[in-house]
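First up is the structure itself, then whatever we jot down about it.
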Amino acid sequence: MPLALIISSHVAASHVGGAAQASALSILRIDAMVAPTVLYGRHPGWGPPGGAKVEPAVLEGVLAGIEANKLFGQTDLVLTGYFAFPEQVLAAAHAIDAVRGAKRSGYGGEAPRQPVVIIDPTIGDAGKGLYVPAEVAEAIAERLVPRADILAPNAWELARLTGLETRTPQDVLVAARRLGKPALVSSIGGAKEIGVIYVDPHEAWMAAHPRLPSPPKGTGDLLSALFGAAILDGLSGSYALARAVGGVAETVAAAHAAGAAELPIVAMAQRLKATSPSVRLERLA
């Protein structure tokens, strides 16, 4: 029974952040523990979100409670997302170290499975720029990026992390290689398509699908969760990319068709684990 630790936002009425990821993972039969960094009523893009940022000491206490129940040693997947304070980032870094250092047991005589850590450096986006305090962005770059097994930035975040341009797929490929570890880079824009590139030391692939106007928020959060679930299922990076992007594409298309303001994650249960015929897969040089 796979178990995930999600350190990110909890937003009650918007399908974004940690709560959205937990919903998607539960559909894929992965239990999730959400350690919230903010408690909001709605996504700030709708207006004043209500609720509040979680004080770092509270987040530390939540993580300590999870560790006290010896669940770090059972954690197979760690996902990080939005942070409100640099001290929260430090708490997340300590938790990742504790998860990796916890005693583990194998199942049925198998060797223990090592946790997969996916860091989404949620700091900004094209057209908006940095939308977290600069000290939070710096803490993520210094404390979390080095701890990632897989990094999941959007193209703008990749450019900020590397100092390189990310205007074209080839730009993204060069910048992602600079990170020195596998990367899942979203928001690769085109006139008619939107794409995601996966890069590791051995291969690079792009999965693209038709661009739809004004997609709901949370697509990056959903992508990271679906990709992590696919990796836990034993898929290679390219197959995980195809499945994850397919799930996101199907969900966005369903939202568009229904005029839904939020991602219909639960309603798309049967499609989250399937590739989509609308996704075009291309191997990059």
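The values are calculated or read from the model by the stated rules, or taken from the named source; none is laboratory data. Since the structure is predicted, the reported quantities are computational estimates derived from the model, not experimental observations. Note that each Cβ is placed from the backbone with ideal geometry, even for glycine, and that neighbours are counted across all protein chains shown. SASA here: full protein model, heavy atoms, side chains in, ligands and nucleic acids out. Shrake-Rupley method; radii C 1.70, N 1.55, O 1.52, S 1.80 Å.
Can you give me the accessible area per residue for the chain, using a 1.4 Å probe, in Å²?
Values: 12680 Å² over 285 residues.
That works out to 44 Å² per residue.
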Check: How long are the three semi-axes of the equivalent ellipsoid for segment 170-285, computed from the Cα gyration tensor as the root of 5 times each eigenvalue, in whole Å, largest first?
Finding: 23, 16, 11
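Among DSSP bridges having both ends in the chain, what percentage is antiparallel? Round to the nearest 5.
Details: 21 of 41 bridges.
The antiparallel fraction comes to roughly 50 percent.
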Item checked: Within-9-Å neighbourhood charge of residue 14 [Cβ basis; K, R +1; D, E -1] -> +1
Notebook entry, point to check: Can you pull out the GluC sites (Glu not before Pro) in segment 20-128 that DSSP calls coil and that have at most 12 other Cβ atoms within 10 Å?
Noted result: 110
Check: Relative contact order of the chain: what whole-number percent is it, with Cα pairs under 8 angstrom and at least 6 residues apart?
Finding: 16 percent
Next item on the list: List the residues whose amide H sits under 5 Å from the amide H of residue 263, counting only those 5 or more places along or on another chain, with H placed 1.01 Å from N in the peptide plane.
Entry: 15
Note to self: Projecting each Cα onto the charge dipole of the chain (Lys/Arg +1, Asp/Glu -1 at the beta carbon, about the Cα centre), which of 246, 51, 261 comes out farthest on the positive side?
What the structure shows: 246
Item checked: Loop-located trypsin sites (Lys or Arg not before Pro) in segment 43-104, at most 15 other Cβ atoms within 10 Å (DSSP) -> 70, 103
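What does the extension gain come out to for residue 102 and residue 162, with contour length at 0.36 nm per residue minus their alpha carbon separation?
Values: separation 60, 0.36 × 60 = 21.60 nm, distance 3.19 nm.
Roughly 18.4 nm would be gained on extension.
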Note to self: So if I take the centroid of the Cα atoms in segment 198-235 and the same for segment 164-190, what is the distance between those two points in Å?
What the structure shows: 13 Å
Margin query: Compute the orientation-averaged projected area for segment 75-205 from the convex hull of its Cα atoms and round it to one decimal in nm².
Written below: 9.2 nm²
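Under the 0.36 nm per residue contour assumption, what length would be gained going from the current alpha-carbon distance of residue 282 and residue 233 to full extension? Don't jump to the answer; show the numbers that get you there.
On the way: separation 49, 0.36 × 49 = 17.64 nm, distance 2.23 nm.
Once the chain is fully extended between residue 282 and residue 233, it gains 15.4 nm.
At 1.4 Å probe size, with the rest of the protein present, what percent of the exposed accessible area of the chain is carbon and sulfur atoms? Before the final figure, lay out the partial values.
Working: 6930 of 12680 Å².
Exposed carbon and sulfur together represent 55 percent of the surface.
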Check: Do you know the relative contact order of segment 151-241, to the nearest whole percent, from alpha carbon pairs under 8 angstrom that are 6+ apart?
Finding: 21 percent
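Near residue 192, within a Cβ-to-Cβ distance under 13 Å, what is the net charge of the other residues, with Lys and Arg +1 and Asp and Glu -1?
Details: positive: 211, 280; negative: 193.
Residues close to residue 192 contribute a combined charge of +1.
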Check: Considering the chain, what Rg and Dmax in Å follow from its alpha-carbon atoms?
Finding: 17.6, 53
Notebook entry, point to check: Using modelled backbone amide H atoms (1.01 Å from N, in-plane), which distant-in-sequence or interchain residues come within less than 5 Å of residue 211's amide H?
Noted result: 193, 194
